[in-house]
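The values are calculated or read from the model by the stated rules, or taken from the named source; none is laboratory data. Keep in mind that what you see is a predicted model, and the values were worked out from it rather than measured. Cβ: placed from backbone, ideal geometry, glycine included. Neighbour counts: every protein chain shown.
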Amino acid sequence: MESQRDYYGILGVARDADQRTIKRAFLKLARTLHPDVNKAPDAEARFKEVNEAYSVLSDERKRANYDQYGNPDGPGGFGSDFVDMSDIFGGGFGGISDIFDSFFGGGGSARGGASRTRGRDMGITLRISLAEAAAGTTKTVAYDRLAPCDDCNGSGVAEGGHETVCEHCHGTGRVVEVQRTIFGQMQSQTVCPVCHGSGRMVDNPCDICQGEGRTPSHETVTVDIPAGIHSGQSIRVNGRGEAGVRGDTSGDLVVTVQISEDEHYERQGDDLVRIIDIDAFDAMLGCEISFEGILKDEQVTVEVPRGCQYGQKVYVEGHGMPRLGGTTRGSLIVVVRVEVPKDLTSEDIAAIEAVRSRKKAQNDRGGTPNDSEHTERSTESKRTKARPRRHRGPFGGKR
């Protein structure tokens, strides 16, 4: 967003205007500038400009940054706990332009039938990191929706007005039409053209919401994401979707979580996989490696066994992802990659050559890398076999 614009001037409000004044000014301007109503060549550009001004001034955090720094993003952004889904004319689930389309009857208002007076569910996709999925996190999400009108408290009725049953459809929201065809008379049900399917009429509708009881609004909601959540799973926030017509039930906000790829870890169910590179000498002799786990301040120590091979997996129990809704964790699977050193000195090479020559000689004699140890184990094995056994009966008794 351009920080040079005077958002207060665009909406025609004072710099100390409260949120209700800002919203009323926005709705009045947007209603006259919406492309479905205003066919002037610059109507769409002006409508976007008004949307932009409202998206900043209706958000307390953006407004504070704009007032102090001249930029709604502030000097260093909002931080990882704040996510703005109200991208104008794009992103998220369509931006406030789609909200206005619905407000003007393009999708899901009372004009869609009596059954559509309930607010629709809304959906957004929220991207988090793998570390946030492991620990659980709380996000503040800014988004646009049709919310209950502040002026009439969602009733759609202005002061002194009344709501009555529609006389044309008798409160059903639908009327029966009879058409004459070559096959005779045919009846069909259609939405009542008088009450637009709501079944109710208002003699003095609210001038802000035009009697619908809801208006486009820029809002924030706090979403609690549990530890161990999987990518593609959803969290339902009750009542924070589209508001219903004239106080009818609001829909829900459905937040679908997407988990970004991590630099070090790959998730496989509740297990985590991490690749580590070790020196060939460490692989031959065994070693201990420590690194940061997926949780904050977590240190993981891995015992690499002696003689570890390239691609060998070492399992560390209890250091994977937390299991959703449980108290246990999956495993950490460490995949070992062995790197051959390239910076050997002449003394290193001579020592390795000596070891290789000794091993070759042992193999030629048919021996083992440690003949004395092998001989000692063989002797002990023979001693064990020489010991007499005590025979037991079919139920374990001695015979």
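Please work out which one of (1) touching a residue at least 40 places away in the same chain (Cβ under 8 Å); (2) loosely packed, with under 15 Cβ neighbours inside 10 Å; (3) assigned to a helix (DSSP H, G or I) is the condition Thr32 fails and give its number.
For Thr32, the exception is condition (1).
Would region 129-144 turn up any residue that is assigned to a strand (DSSP E or B), in contact with a helix residue (DSSP H, G or I) (Cβ under 7 Å, 6 or more places away or on another chain), modelled with pLDDT under 90 and within 30 Å of Val257 (Cβ to Cβ)?
Yes - at least one qualifying residue is present in region 129-144.
Has region 264-280 got any residue that is on the phi > 0 side of the Ramachandran plot and under 13 Å from the mean Cα position of the chain (by Cα)? Break it down stepwise before answering.
Here is the first cut: in region 264-280, the ones on the phi > 0 side of the Ramachandran plot are 269.
Pick out the ones that are also under 13 Å from the mean Cα position of the chain (by Cα) and you get none.
So far as region 264-280 goes, no, none of its residues is on the phi > 0 side of the Ramachandran plot and under 13 Å from the mean Cα position of the chain (by Cα).
Can you confirm whether region 146-154 contains a residue that is under 30 Å from Lys296 (Cα atoms), at pLDDT 90 or above and not in a helix (DSSP H, G or I)?
no
What single numbered condition from (1) at pLDDT 85 or above; (2) crowded, with 21+ Cβ neighbours inside 10 Å fails to hold for Asp207?
(2)
Of all residues in region 155-202, which are modelled with pLDDT of 85 or more, farther than 17 Å from Gly247 by Cβ and in contact with a Ser or Thr (Cβ under 7 Å, 6 or more places away or on another chain)?
Arg174, Val175
Taking only region 174-204 into account, find how many residues are on the phi > 0 side of the Ramachandran plot and buried (at least 19 other Cβ atoms within 10 Å of the Cβ).
Here the count works out to 3.
So which residues in region 241-288 are touching a strand residue (DSSP E or B) at 6+ places or on another chain (Cβ under 8 Å), farther than 19 Å from Glu132 by Cβ and surrounded by fewer than 16 Cβ atoms within 10 Å (Cβ to Cβ), if there are any at all?
Correct list: Ile275, Ile276, Asp277, Asp279, Ala280, Gly286, Glu288.
Working only within region 315-361, note down all residues that are β-branched (Val, Ile, Thr), surrounded by 12 or more Cβ atoms within 10 Å (Cβ to Cβ) and touching a residue at least 24 places away in the same chain (Cβ under 8 Å).
Ile333, Val334, Val335, Val336, Val338
Any chance region 212-229 includes a residue that's in a loop (DSSP other than H, G, I, E, B), over 30 Å from Ala135 (Cβ atoms) and assigned by TED's automatic domain parsing to the domain that holds Lys139?
So in region 212-229, the residues in a loop (DSSP other than H, G, I, E, B) come out as 212-213, 226-229.
So of that shortlist, the ones also over 30 Å from Ala135 (Cβ atoms) come out as 212-213.
Those still in the list that are assigned by TED's automatic domain parsing to the domain that holds Lys139 too: 212-213.
Yes, there is a match, as at least one residue in region 212-229 is in a loop (DSSP other than H, G, I, E, B), over 30 Å from Ala135 (Cβ atoms) and assigned by TED's automatic domain parsing to the domain that holds Lys139.
How many of the residues in region 35-59 are in contact (Cβ under 8 Å) with a residue 40 or more places away in the chain and among the charged types (D, E, K, R)?
So the count comes out to 5.
For (1) in contact with a helix residue (DSSP H, G or I) (Cβ under 9 Å, 6 or more places away or on another chain); (2) at pLDDT 90 or above; (3) of a type in the set (A, V, I, L, M, F, W, C), each residue gets a yes or a no:
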residue: Tyr8; (1), (2), (3): yes, yes, no
residue: Gly12; (1), (2), (3): yes, yes, no
residue: Ala25; (1), (2), (3): yes, yes, yes
residue: Asp36; (1), (2), (3): yes, no, no
residue: Pro41; (1), (2), (3): no, no, no
residue: Glu44; (1), (2), (3): yes, no, no
residue: Phe47; (1), (2), (3): yes, no, yes
residue: Ala53; (1), (2), (3): yes, yes, yes
residue: Leu57; (1), (2), (3): yes, yes, yes
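What number of residues within region 318-349 satisfy the criterion of being more than 43 Å from the chain's Cα centre (by Cα) and modelled with pLDDT of 95 or more?
Qualifying residue count, region 318-349: 0.
Taking the stated definitions as given, is Val83 part of a strand (DSSP E or B) and either within 27 Å of Val255 (Cβ to Cβ) or at pLDDT 85 or above (or both)?
It is true that Val83 is part of a strand (DSSP E or B) and either within 27 Å of Val255 (Cβ to Cβ) or at pLDDT 85 or above (or both).
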